[in-house]
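The values are calculated or read from the model by the stated rules, or taken from the named source; none is laboratory data. Keep in mind it's a predicted model, so treat the numbers as computed, not measured. Heads up, the Cβs are rebuilt from the backbone with ideal geometry, glycines too, and the neighbour counts pull from every protein chain shown.
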Amino acid sequence: MMAMTGSTVTLECFLSEKTRTDPIVWYKQSVAQMPLLVGSSQHFLPSVLYNEFNNSRFFIHNGSVSFRLSISNIQSSDEAFYFCGVRIVYEIHFGNGTYLLVKEKGQLRSNAAAVIQAPGSDPVHPGDSKTLECEVLTETRTEDLRVFWFRPASGDSHPGVIYTNNSRGGQCEGRCVYSLSKKDINISDAGTYYCGIATSRQILFGNGTALSIAEPVDTLLVGLAVALGCCVALMFFLFFLNCKRRITCDNCKIGDLQHVRDGSCETRQRRG
């Protein structure tokens with residue numbers, strides 16, 4: 001989303017029927033900065049704005065099916081990612097977010113553009129597929145657009161081209177989304193992927209999207225753990241069985257001894 005300084009924008013977050021009564025939050029994340037909690041709200045309860053966002057420029061609308069954040073008198077410092085999230089128990093589930101691109105009021109219109117990439121996502125497992133997205137925002141129609149994807153090689157500061165859209169004559173006006181699909185992912189695919197665009201007048205790059213790979217499960221360790229568990233269970237079973245046999249044998253000895261004593265007493269009585 002693009003806005004001029006001094007204007008007003010409204011960011012909207014749609015709620016599912018299951019989450020309409022859960023606490024909702026808005027976060028702001030500037031490039032290379034920690035996320036900041038803007039405000040929160042819950043169904044039929046007053047909204048709360050926090051810290052530097054607790055002023056007349058920010059306002060939260062809590063509707064029945066949507067959760068909106070309005071920012072008036074836009075300033076250059078408002079440029080950032082804005083994420084809407086739902087707090088469920090102790091976790092916050094976020095949407096894809098919206099990047100607010102701010103331009104100075106009165107700035108000459110040109111073919112200025114911005115490349116936006118989400119910083120990262122949850123780790124993917126080996127063998128899975130993943131699609132990385134790159135959002136391009138432009139003020140005017142951008143002609144002859146080319147899209148590049150880069151990933152720095154291990155131990156090398158120079159990125160290598162992963163994918164290039166060589167078709168000429170590509171156009172983008174307002175907002176365009178480009179994607180890079182990765183199939184049958186393995187450990188070597190981990191890294192930060194950068195999206196770049198090239199026009200007849202400029203070359204721009206995004207901040208990169210980190211692709212992390214979940215560690216594969218070591219089947220040998222799992223097998224050893226299962227075997228160890230079985231051995232421990234077998235040891236407890238044998239110990240219990242041995243104790244039970246000892247108790248049975250002790251009872252037998254006591255019974256035999258009592259029988260012998262009774263027999264001796266009976267013999268003595270007969271002799272007497």
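Could you pull out the residue among Gly39, Gly85 that is of a type in the set (Gly, Ala, Ser) and either assigned by TED's automatic domain parsing to the domain that holds Ala118 or within 18 Å of the chain's Cα centre (by Cα) (or both)?
Values: Gly39 fails: either assigned by TED's automatic domain parsing to the domain that holds Ala118 or within 18 Å of the chain's Cα centre (by Cα) (or both).
Residue meeting the stated conditions: Gly85.
Go through (1) among the acidic types (Asp, Glu); (2) surrounded by 15 or more Cβ atoms within 10 Å (Cβ to Cβ); (3) more than 21 Å from Met2 (Cβ to Cβ) and name the single condition Glu79 misses.
Every listed condition holds for Glu79 apart from (3).
Which residues, taken from region 60-76, are in contact with a Gly (Cβ under 8 Å, 6 or more places away or on another chain), of a type in the set (Val, Ile, Thr) and exposed (fewer than 14 other Cβ atoms within 10 Å of the Cβ)?
none
Just one of Thr10, Thr21 is outside the structural domain of Glu135 (by TED's automatic domain parsing), of a type in the set (S, T, N, Q) and modelled with pLDDT under 90; which is it?
The unique qualifying residue is Thr21.
Restricting to region 198-222, name every residue that is closer than 18 Å to Phe148 by Cβ and at pLDDT below 80.
Correct list: Ala198, Thr199, Ser200, Arg201, Gln202, Ile203, Leu204, Phe205.
Hey, does region 57-80 have a residue that's farther than 24 Å from Thr8 by Cα, at pLDDT below 80 and not in a strand (DSSP E or B)?
No, every residue in region 57-80 fails to be farther than 24 Å from Thr8 by Cα, at pLDDT below 80 and not in a strand (DSSP E or B).
Considering only residues of region 4-21 that are surrounded by 17 or more Cβ atoms within 10 Å (Cβ to Cβ) and not β-branched (Val, Ile, Thr), which is farthest from Gly95 (Cα to Cα)?
Once the filter is applied, the top-ranked residue is Arg20.
Against the conditions (1) part of a strand (DSSP E or B); (2) out of contact with any Leu (no Cβ under 6 Å at 6 or more places or on another chain), where does Met34 fall short? Just the number, please.
Result: Met34 fails condition (1) only.
Give region 7-36 a look and list any residue that's over 22 Å from the mean Cα position of the chain (by Cα) and touching a residue at least 24 places away in the same chain (Cβ under 8 Å), or say none.
Within region 7-36, Ser7, Thr8, Val9, Thr10 meet the criteria.
So which of Cys195, Cys176, Cys172 ends up being at pLDDT 80 or above and closer than 20 Å to Val102 by Cα?
Just a single option satisfies the conditions, and that option is Cys176.
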